[in-house]
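The values are calculated or read from the model by the stated rules, or taken from the named source; none is laboratory data. Just so it is clear, the model here is predicted, and its values are computed rather than measured. Glycine gets a Cβ as well: all are built from the backbone with ideal geometry, and neighbour counts include every protein chain shown.
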Amino acid sequence: MADMFDLYSAFLHNYKNAIDTVKKCSGTNPQFKKIVSTIVVNLQTEQSLTLEDLLHKPVARVQINALVFNDLLRETPPNHPDHQPLRQAQKIIQMFLNQFNVVNQRLPSESNRNLRRMVRNSFIVELVDGHRKLRHLFLFNDVIACAKYKALGRDRIDYELKWFIPLKDISIYEEADPAAELKESSPANISQVKRNLRSVRDQLALEAASNSGGGTVRSGDKYRRKLADLESQLVLATPNLVLRLGNKANNKTMTFFLSSDFERTQWIDSITSLKQKCNLPGANTINALEVTAFIVAMQKGMKTEMGSYLMRNTNDESLLVGDLHMGVQGLQGLEQPTDLYICIEVDSYGHYFRKATTKMICRSQTPLWNESFMLELEGSQNVRILLYEAKERPLLRAKHILKLSLSWLTETTQTRSIKLSETLELGCSFRFVPGELCRATTKPGALFGAKMSQVLKREKRDIPFIISACIREVERRGMLEVGCYRVSGSASDLSKLKKAFESDAYEAEQLLREVDIHSVTGILKTFLRELPEALFTDQLYPRFFETFSAFSNNNEAIRTSELLKVFEELPQANKASISLILDHLIRVHEKEADNKMSLHNLAMVFGPTLLRPGQTQVKQKDPLAASTVDVMAQAGILYCFLQARIKKD
């Protein structure tokens, strides 16, 4: 057959003209139409095909041969005399397929839709007998096929065909279809899986630190395997957007889960568009062998969206965990005023999830958003930016996938110009805060009312976990909340958080994500208030108070300078926690237009919490008179430190 490749190629390129001729003649000559619609190909079984069906058969012929050669090579030992000739024949066929697939990668159009082409393909989660299964979905211009995914390392991917539906038999069900009730057996506890995942990740980090000077990595390999297993559970469990496809031929319904509404829309639009435009001959005679052969033949040449999780091995540390602070500024390059908004999606172990949406800018040729978002990264490698024009049905104007990497992401804000299309450029800023250990030890113990030194010793940290965790959560979703540090939280939530922080840091971290943001700020203030000794210490409190009182507001620069000298005498652990809190309060203040938290408000809330006299000092004063003076001084001292940090920055 290798000698006939040129002729075979000519047949393929002439296929469209042949089909057009058959249709044209059938439309003008009823007798011709009757003859070509029932051509008997087997006298014994009286099996008949249309002329279009017969013309289509050679199209899939070489793909079937490629499949046969793949099977022969897999079963033939390398030292067998036939192995090398088989490999050479496979190479010749593959070269031809690659040349043919270059043409086939284009989307179907009115002029070339009669050749089978790959339109979309991606890994997806299918619900099978109540259980989620990892699948790969292929959409050709005449058939949709679902295969079992087999990952055999980075360089080898195998597929086992599970089912296929000819395009003419596909129906798409709406989510609201009452007959499509989900029946999922034993759904995974995502919160528990994520909790276990963070625990294993912490253990890996500790293992890496302990082995930094050399040592065994056997236990590290064990944790990496466990990590990969937990990640695979999340790949199956996290998607929750339903896509249902029906097979009109047998009335069966296939149910899939996706994570992104953008991808769900893309699949629906692609199928709908093909059904309207495409009528590939041979659809009545598609068989499993033919579909499998075509998938195998196109496998090397196709560009697939496999997802970051599926394309890595257990030793790959490229997936990011932490918080990405992303700013969206202005868009340049529009030709005319338009109503636009932007959606931001982040991948998590291969699935994309929508994390943020900007406001809509109306009738502008140079839209300026100036919005900031905190995007949680969990096994992430990419940010997908989608630019939509506001219409009755939103119109995607442009998109861009930004590769995330520690080679350029830092804790310092960086600006980038993102090229969304040939003419459109979007200004953005990025700052990445890596995820931290929940605790170096999971040993439970008293937290509220315990001394700072005891907490740090038990947790083996520079800053108590509760402080950093609460600040991180507020910056994730509470920066725009009105009165975020003034409004009290729920008493029941505070009770749950207290118990969780003293018993299980992973449970506490998960609970922080679920409760009202005022409960998050409330538990932070409670911890700081219940410290036996305030962070500014009993010993240095009188000096802070005296230094502040010794200077009037007209000498604010000298007052601040002297206060900073006293600050330097604090224990290093106290200074670290105070600095983290002050930097956070300044970031809260930057959103004052939304959260109404001015520097004065923040100083009034945190001043009495971070600075207060010791018990012996309180007994020496008139409590009522002293408390009023102290509160004003405490707020004033903290205000000085906040102002000093703003000026320094």
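Do the conditions hold for PHE536, that is, is it modelled with pLDDT under 95 and surrounded by 21 or more Cβ atoms within 10 Å (Cβ to Cβ)?
no
Being among the hydroxyl-bearing types (Ser, Thr, Tyr) and not in a strand (DSSP E or B) is the filter; apply it to region 340-372 and report the residue that is surrounded by the most Cβ atoms within 10 Å (Cβ to Cβ). First the steps, then the outcome.
Taking region 340-372 and keeping what is among the hydroxyl-bearing types (Ser, Thr, Tyr), we get 341, 348-349, 352, 357-358, 364, 366, 372.
When the remaining residues are screened for being not in a strand (DSSP E or B), the result is 349, 358, 366.
Numbers: TYR349: 24, THR358: 18, THR366: 11.
Per the stated criteria, the residue is TYR349.
This table checks each residue for (1) modelled with pLDDT under 90; (2) over 44 Å from the mean Cα position of the chain (by Cα); (3) part of a helix (DSSP H, G or I).
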| position | (1), (2), (3) |
| --- | --- |
| ASP583 | no, no, yes |
| ARG587 | no, no, yes |
| ASP594 | no, no, yes |
| GLY607 | no, no, yes |
| PRO613 | yes, yes, no |
| LYS621 | yes, yes, no |
| ALA626 | yes, yes, yes |
| VAL629 | yes, yes, yes |
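Tally time: how many residues in region 486-506 are under 12 Å from ILE466 (Cα atoms), in a helix (DSSP H, G or I) and in contact (Cβ under 8 Å) with a residue 40 or more places away in the chain?
Residues in region 486-506 being under 12 Å from ILE466 (Cα atoms), in a helix (DSSP H, G or I) and in contact (Cβ under 8 Å) with a residue 40 or more places away in the chain: 5 in total.
Picking from LEU404, LEU395, which residue would you name as being without any contact (Cβ under 8 Å) to a residue 60 or more places away in the chain and farther than 16 Å from SER372 by Cα?
Numbers: LEU404 fails: without any contact (Cβ under 8 Å) to a residue 60 or more places away in the chain.
After applying the criteria, what remains is LEU395.
Quick one: in region 539-582, of everything that is aliphatic (A, V, I, L, M) and touching a residue at least 40 places away in the same chain (Cβ under 8 Å), which residue is surrounded by the fewest Cβ atoms within 10 Å (Cβ to Cβ)? Spell out the reasoning first.
Residues of region 539-582 that are aliphatic (A, V, I, L, M), as a first pass: 540, 550, 557-558, 563-564, 566, 570, 573, 576, 578, 580-582.
Next cut, touching a residue at least 40 places away in the same chain (Cβ under 8 Å) only: 563-564, 573, 576, 578, 580-582.
Values: LEU563: 20, LEU564: 14, ALA573: 18, ALA576: 18, ILE578: 21, LEU580: 16, ILE581: 23, LEU582: 18.
Result: LEU564.
Might you check whether a residue that is surrounded by fewer than 14 Cβ atoms within 10 Å (Cβ to Cβ), under 29 Å from the mean Cα position of the chain (by Cα) and of a type outside the set (D, E, K, R) occurs anywhere in region 481-495?
Checked against the condition, which is being surrounded by fewer than 14 Cβ atoms within 10 Å (Cβ to Cβ), under 29 Å from the mean Cα position of the chain (by Cα) and of a type outside the set (D, E, K, R), region 481-495 yields at least one hit.
Taking region 332-376 on its own, how many of its residues are of a type in the set (A, V, I, L, M, F, W, C) and free of Cβ contacts under 8 Å to residues at least 40 places away in the same chain? Before you say what the answer is, go through the steps one by one.
Residues of region 332-376 of a type in the set (A, V, I, L, M, F, W, C): 334, 340, 342-344, 346, 353, 356, 360-362, 368-369, 373-375.
Checking which are free of Cβ contacts under 8 Å to residues at least 40 places away in the same chain leaves us with 346, 356, 360-362, 368.
Final tally of qualifying residues: 6.
Here are the criteria: (1) assigned to a loop (DSSP other than H, G, I, E, B); (2) at pLDDT 75 or above. Tell me which single one ASP20 does not satisfy.
So ASP20 meets the others, but not (1).
Can you tell me which of (1) touching a Lys or Arg at 6+ places or on another chain (Cβ under 6 Å); (2) crowded, with 20+ Cβ neighbours inside 10 Å; (3) more than 29 Å from GLU507 (Cβ to Cβ) is the one ILE401 doesn't meet?
(2)
Out of region 144-167, which residues are at pLDDT below 90 and either of a type in the set (Val, Ile, Thr) or not assigned by TED's automatic domain parsing to the domain that holds SER122 (or both)?
The answer is ILE157, and nothing else.
Within region 430-437, does at least one residue satisfy the condition of being touching a Ser or Thr at 6+ places or on another chain (Cβ under 8 Å), under 25 Å from THR366 (Cα atoms), of a type in the set (A, V, I, L, M, F, W, C) and modelled with pLDDT of 90 or more?
Scanning region 430-437 turns up at least one residue that is touching a Ser or Thr at 6+ places or on another chain (Cβ under 8 Å), under 25 Å from THR366 (Cα atoms), of a type in the set (A, V, I, L, M, F, W, C) and modelled with pLDDT of 90 or more.
Which of (1) closer than 18 Å to PRO187 by Cβ; (2) assigned to a helix (DSSP H, G or I); (3) in contact (Cβ under 8 Å) with a residue 60 or more places away in the chain is the odd one out, the single condition PHE262 does not satisfy?
(1)
State whether one or more residues within region 444-457 are in contact with a strand residue (DSSP E or B) (Cβ under 7 Å, 6 or more places away or on another chain) and either at pLDDT 95 or above or of a type outside the set (A, V, I, L, M) (or both). Before the answer, list the steps.
Of region 444-457, the ones in contact with a strand residue (DSSP E or B) (Cβ under 7 Å, 6 or more places away or on another chain) are none.
Scanning region 444-457, I find no residue that is in contact with a strand residue (DSSP E or B) (Cβ under 7 Å, 6 or more places away or on another chain) and either at pLDDT 95 or above or of a type outside the set (A, V, I, L, M) (or both), so the answer is no.
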